[in-house]
Amino acid sequence: MAGETAAVSMTVNGKSINANVDPRTLLVQLLRENLRLTGTHVGCDTSQCGACVVHVNRKAIKSCTVLALQLEGADVLTIEGLAAPDGPLHPMQEAFRENHGLQCGYCTPGMIMTAVDIVRRKGHDLDDRTIREELEGNICRCTGYHNIVKAIAAGGRAMRGNGSAAK
Amino acid sequence: MSATGIGAAVRRKEDHRFITGTGHYTDDINRPGQAYAYFLRSPHAHAAIKSIDVKPAAQMPGVLAVLTGADLADKIGNLICGWMIHSKDGTPMKMAPRPALATGKVCHVGDPFAVVIAETLAQARDAAEKIAVDYEVLPAVADPAAAQKPGAPQIHDVAPNNTIYQWHLGDAKGVDAAFRSAEQVTKLNIVNNRLVPNALEPRAAIGDYDSGTGSFTLWNTTQNPHVARLVIAAFVGMAPEHKLRVIAPDVGGGFGSKIFIYPEEVVALWASKRVGRPVKWVADRSESFLADAHGRDHVTHAEMAFDADGKILALRAKTVANLGAYLYATLLSGQYEIPQIYCEVDAVYTNTVPVDAYRGAGRPEATFVVERLMEVGAREMAQDPAELRRKNFIKTFPHQTPVIMTYDTGDYGASLKKAMELADCKGFGKRKRESARHGKLRGIGFSSYIEACGIAPSQAVGSLGAGLGLWESAEVRVNPTGSVEILTGCHTHGQGHETTFAQLASERLGIPIDNVSIVHGDTDKVQFGMGTYGSRSGAVGMSALAKALDKIEAKAKKVAAYMLEAAEGDIEFKDGKFSVAGTDKSAAWGDVALNAYIAHKFSGQELEPGLKEGAFYDPMNFTFPAGCHICEVEVDTETGNTEIVAWTAVDDFGIVVNPMIVEGQVHGGVAQGVGQALYEGAVYDEDGQLVTGSFMDYAMPRADHLPSMTVDTTVTRCPSNPLGIKGCGEAGAIAAPAAVINAITDAIGTEELAMPATAQAVWAALQKSNRIPEAA
């Protein structure tokens with residue numbers, strides 16, 4: 001660390017946050033270490049695996065690939081903010097559980113955040129091939145993707161019902 | 001079957017924390033005052049370290065310590081190997097010492113030899129760059145065959161020609177005689193490609209020394225926390241076992257790569273005492289490629305002898321294993337009645353990352369040999385591959401193979417038949433013609449695999465060289481309110497034990513599944529256990545739980561007898577209710593649990609208060625899951641690209657506890673097997689540099705590489721454990737590679753195709769085959 005820090009403010013899961021960070025701090029590091037939002041994971045160091053996917057200004061991005069300082073004023077949504085802690089689950093979270101779309105759980109937050117983004121971009125009725133192509137940026141080593149694909153198709157349909165796509 | 005009992009597709013209890021981002025993986029945990037470790041690793045495959053100057057690094061901001069192998073030497077012991085194999089001449093394997101930090105020389109790219117401990121990870125990284133190392137680069141060898149040749153670089157003095165052991169199994173003379181009488185001999189050269197397990201959570205460790213009590217705590221991404229504690233206590237000598245606590249919290253996948261007790265966790269633990277602060281280390285993915293045990297990497301020449309009818313007479317195989325040999329040879333009989341088998345294995349040191357267990361560990365290699373030979377044999381004899389298999393299936397049980405194992409039960413014909421129906425094998429010809437109209441070659445491949453799971457009878461593995469027994473433990477703690485904690489020595493890192501173990505307890509005790517918690521992964525809570533690998537948790541771990549539940553029921557019946565003023569022998573227990581036979585008197589589970597603790601209905605001289613029982617279960621045999629996977633592919637003749645268009649799996653796992661979880665295990669296993677067959681391969685260049693050192697170079701299977709799968713089961717109950725479970729964790733990875741390669745070679749008409757069968761490899765193979773005009 002060179003010693004100097006820089007200030008950054010943004011909204012994370014609906015709350016305003018201010019932080020002083022080493023300029024090389026990545027968004028994922030800010031989330032995990034400064035804010036202790038550890039649901040966003042790091043599975044690689046080449047932006048390949050997608051375990052760190054969050055939404056920034058309503059778009060899915062890999063939080064390992066952006067500096068925290070680039071996001072002044074941004075609106076960030078992580079897996080922890082997808083549903084209220086004591087409220088009902090987001091339909092996509094529920095679909096992953098219902099369809100056994102996770103095993104070790106490590107890729108899961110990134111998968112769910114990606115899945116919500118796919119529905120937002122591609123609509124509620126997703127065919128197998130579309131889902132598989134859209135998951136190009138997310139690696140799962142446990143499930144063979146079979147049940148993740150099923151979960152995303154089911155989650156997409158369920159999101160129509162409760163208006164979550166607007167979230 | 002109850003809604004949450006054995007056989008029900010219960011949704012997983014553990015999922016809530018994972019889908020809400022509230023799990024606790026090792027890197028999610030921070031300890032007060034925590035410092036960070038960064039390891040300096042060799043950039044060379046083989047080099048003498050002439051000097052290390054750590055002073056410039058030690059003066060960098062935030063640095064607490066810079067430690068080298070010299071600092072650890074004499075203070076802690078070396079890392080160990082869990083199995084001791086003897087060569088055919090009776091000599092023990094020639095194992096070189098492996099210190100936690102290399103001293104004097106480094107033997108592979110990524111070999112750690114120094115560590116920086118600093119206030120922040122960034123400071124530790126920055127400082128590591130200032131360590132000045134004077135290397136004398138030595139010639140390196142990455143290829144195992146080259147490593148055995150005279151004049152090859154000698155890696156460890158203890159192992160001449162880099163050969164660790166030369167092992168064999170079976171009757172060489174009997175096999176030779178059988179080959180002399182054979183009508184047909186099918187021969188294959190097989191490379192089982194080196195894989196990188198790549199569990200998505202990188203390995204991590206936090207060492208924490210408490211000077212007040214002189215005790216250590218290690219949070220660690222391990223599949224077997226108790227074994228880690230035993231090894232670190234008894235062999236590394238860090239602390240006595242009772243002063244070391246190992247916690248394996250949520251672990252993000254293992255696949256075998258988190259079994260070994262690695263240098264980094266040992267160093268983090270030791271360094272925490274040295275600097276007086278908790279020390280955390282988390283691997284980068286690039287580091288995982290260089291520091292996690294790799295899998296497979298066998299070169300095999302195999303031959304199968306048939307008589308004129310296509311009955312197998314004998315099998316022989318000669319394998320050179322790049323630092324790995326596990327249960328390999330003992331499954332060379334596959335699903336077939338093979339009178340004679342002989343197998344030789346040379347295990348060889350090379351300047352590459354050590355090889356250890358990876359999903360299947362030996363069984364995928366054995367299955368690949370047997371199932372490729374069957375398929376190629378059928379083609380050479382112009383026999384139907386399914387019929388050739390059927391003709392040679394073992395049909396009576398128990399069956400003693402020539403290679404140690406006694407198969408207890410199975411019905412291989414049933415899984416083949418069901419798989420062929422589900423895969424619509426009858427319609428294949430039509431589909432093939434349809435593909436040809438689109439310029440594609442279609443092929444179909446079978447893999448009738450077998451595996452040995454439920455590891456393992458302790459005596460049996462002891463005789464094979466294991467350092468430990470492979471029983472499992474369970475403890476059932478009933479609370480006064482009737483809720484239950486189950487402590488297991490198994491560890492779940494994706495397998496869903498928090499659900500399946502609870503299903504068994506829920507069914508046996510007649511209580512809601514939500515009233516059952518599973519406790520695992522903490523040596524301060526669970527007394528001892530062997531961990532999870534080799535599809536052992538259901539067959540062995542749940543058998544231990546069943547045994548403990550038997551004891552709970554027996555004790556609870558005594559309590560109920562006092563409550564109901566009846567003879568113990570008259571108490572019946574069903575659906576969570578204790579009743580007196582032939583009367584309407586009964587007591588509910590919760591009342592009996594409470595009475596066990598308040599102890600008002602019996603005296604302490606008559607019965608001990610409390611309701612808590614434990615059990616150790618040592619299995620009487622391995623279990624033998626088996627099945628048939630059928631893969632159908634389309635090969636693009638212009639690009640060589642292979643698309644898997646259909647996958648059918650029919651497996652016999654014995655009794656299935658949770659079909660949803662079992663199907664998930666099959667999906668995941670198949671994906672890893674398809675990865676091996678089509679995409680994955682760790683590649684070293686001639687200098688021993690790992691060319692495939694990141695997800696950008698090492699092709700992990702992604703969603704659009706894989707098909708949706710048809711997964712089904714047949715059931716023969718396993719007679720070797722009380723629950724009838726065989727295990728399912730590795731089947732897909734074992735079955736899949738042979739099914740894929742058999743399908744592609746069927747499509748392209750040549751057997752010369754190495755894994756991974758990339759588009760480039762298939763295209764090159766196609767240029768030598770005569771199939772292109774047929775498709776055009």
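Any read-out appearing in this document is the output of simple, stated calculations on the displayed coordinates, not a laboratory observation. Worth saying up front: this structure is predicted, and the values here are computed from it rather than measured. Neighbour counts are summed over all protein chains in view; Cβ atoms, including those assigned to glycine, are modelled from backbone coordinates with ideal geometry.
Can you find, among B:F695, B:A736, B:T710, the residue farthest towards the positive end of the dipole of segment B:672-776? Put +1 on the C-beta of Lys and Arg, -1 on that of Asp and Glu.
B:T710
Alpha carbon centre of segment B:637-659 versus segment B:209-279: separation in Å?
Distance between centres, Cα-based: 39 Å.
Please state the shape class of the protein assembly as shown: rounded when a/c is under 1.5, otherwise prolate if a/b exceeds b/c and oblate if not, all from the C-alpha gyration tensor.
It comes out rounded by the Cα gyration axes.
In a shell of Cβ-Cβ distance under 15 Å around A:H41, excluding A:H41 itself, what net charge do Lys and Arg (+1) and Asp and Glu (-1) give?
Here the charged neighbours net out to -1.
By per-residue mean of other Cβ atoms within 10 Å, what is the highest-first order of B:371-378, B:389-396?
B:371-378, B:389-396
For B:S2, put the label point 7 Å out on the Cα→Cβ axis and report which residues of segment B:613-657 keep their amide N under 18 Å from it.
Hits in segment B:613-657 for B:S2 at 18 Å: B:656-657.
What list of ³J(HN,Hα) couplings, whole Hz, do you get for segment B:509-515 from phi and the Karplus terms 6.51, -1.76, 1.60, once you set θ to phi - 60° and write x for glycine and proline?
9, x, 10, x, 4, 6, 8
Tell me the trypsin sites (Lys or Arg not before Pro) within segment B:88-123 that lie in a loop according to DSSP and have at most 16 other beta-carbon atoms within 10 Å.
B:K88
Using the structure shown, list the pairs from B:K311/B:K395; B:K418/B:K547; B:K13/B:K525; B:K243/B:K280; B:K50/B:K130 with a Cα-Cα distance above 25 Å, or answer none.
B:K418/B:K547
Please give the Cα centre distance for segment B:559-587 versus segment B:470-542, rounded to the nearest Å.
27
For segment B:157-202 and segment A:99-167, what is the separation of their C-alpha centers, rounded to whole Å?
Going from one Cα centre to the other spans 43 Å.
On a 0 to 90 degree scale, rounded to 10, what angle separates helix A:108-122 from the longest Cα axis of chain A?
Orientation of helix A:108-122: about 70 degrees from the principal axis.
Among rounded, prolate and oblate, which fits segment B:471-617 when a ≥ b ≥ c are the square roots of the eigenvalues of its C-alpha gyration tensor, a/c under 1.5 means rounded, and a/b larger than b/c means prolate?
prolate
Average partner chain C-beta neighbours within 10 Å, per residue of B:341-347?
The per-residue average across the peptide is 0.
Could the peptides B:26-36, B:675-685 be put in order, highest first, of the mean number of other beta-carbon atoms found within 10 Å of their residues?
Packing order, densest peptide first, comes out as B:675-685, B:26-36.
What order do you get for B:415-423, B:599-607 when each peptide is scored by the mean count of other beta carbon atoms within 10 Å, highest first?
B:415-423, B:599-607
Considering every residue in B:696-704, what mean count of other chain Cβ atoms within 10 Å of its Cβ is obtained?
6
Assign one of three labels to chain B, namely rounded, prolate or oblate, based on the Cα gyration tensor with a ≥ b ≥ c the square roots of its eigenvalues; rounded applies when a/c is under 1.5, prolate when it is not and a/b is larger than b/c, and oblate otherwise.
oblate
Would you tell me the mean number of C-beta atoms belonging to other protein chains that fall within 10 Å of each C-beta in B:663-675, as a whole number?
Other-chain Cβ atoms within 10 Å of each residue's Cβ, averaged: 4.
Got a sec to turn the phi values of segment B:453-465 into Karplus ³J(HN,Hα) couplings, 6.51 cos²θ - 1.76 cosθ + 1.60 with θ = phi - 60°, whole Hz, x for Gly and Pro?
10, x, 6, 6, x, 4, 4, 5, 6, x, 5, 8, x
Under unit Cβ charges (Lys, Arg +1; Asp, Glu -1), what dipole magnitude, rounded to 20 debye, does segment B:194-326 have relative to its Cα centre?
It comes to approximately 320 debye.
Which residue, B:I19, B:N192, B:G310, has the largest displacement toward the positive end of the dipole of chain B when charges sit on each Cβ (Lys, Arg +1; Asp, Glu -1)?
Going by the charge dipole, the pick is B:G310.
Given a cut-off of under 8 Å on Cα pairs at least six residues apart, what relative contact order in percent is computed for chain B?
About 15 percent, as a whole number.
When DSSP assigns beta bridges and you keep just the ones with both residues in segment B:471-617, what percent turn out antiparallel, to the nearest 5?
80
Please tell me the relative contact order of segment A:6-81 in percent, rounded to the nearest whole number, where contacts are Cα pairs under 8 Å and at least six residues apart.
That works out to 40 percent.
May I ask for the net charge around B:K417, where only other residues with Cβ less than 10 Å from the Cβ of B:K417 are counted and Lys, Arg are +1 while Asp, Glu are -1?
0
Based on Cβ point charges of +1 for Lys and Arg and -1 for Asp and Glu, what charge dipole magnitude is obtained for segment A:91-162 about its Cα centre, in debye rounded to the nearest 20?
About 60 debye.
For the protein assembly as shown, with only Lys/Arg (+1) and Asp/Glu (-1) charged at the beta-carbon, what is the dipole magnitude about the Cα centre, in debye rounded to 20?
560
Can you tell which of B:T500, B:A146, B:V670 lies farthest toward the positive end of the dipole of chain B, using +1 and -1 charges on the Cβ of basic and acidic side chains (Lys, Arg; Asp, Glu)?
Looking along the dipole axis, the top candidate is B:T500.
Taking the Cβ of B:V369 as the centre, find all other residues whose Cβ is under 14 Å away and add up their charges (Lys, Arg: +1; Asp, Glu: -1).
Charge balance in the 14 Å sphere: -1.
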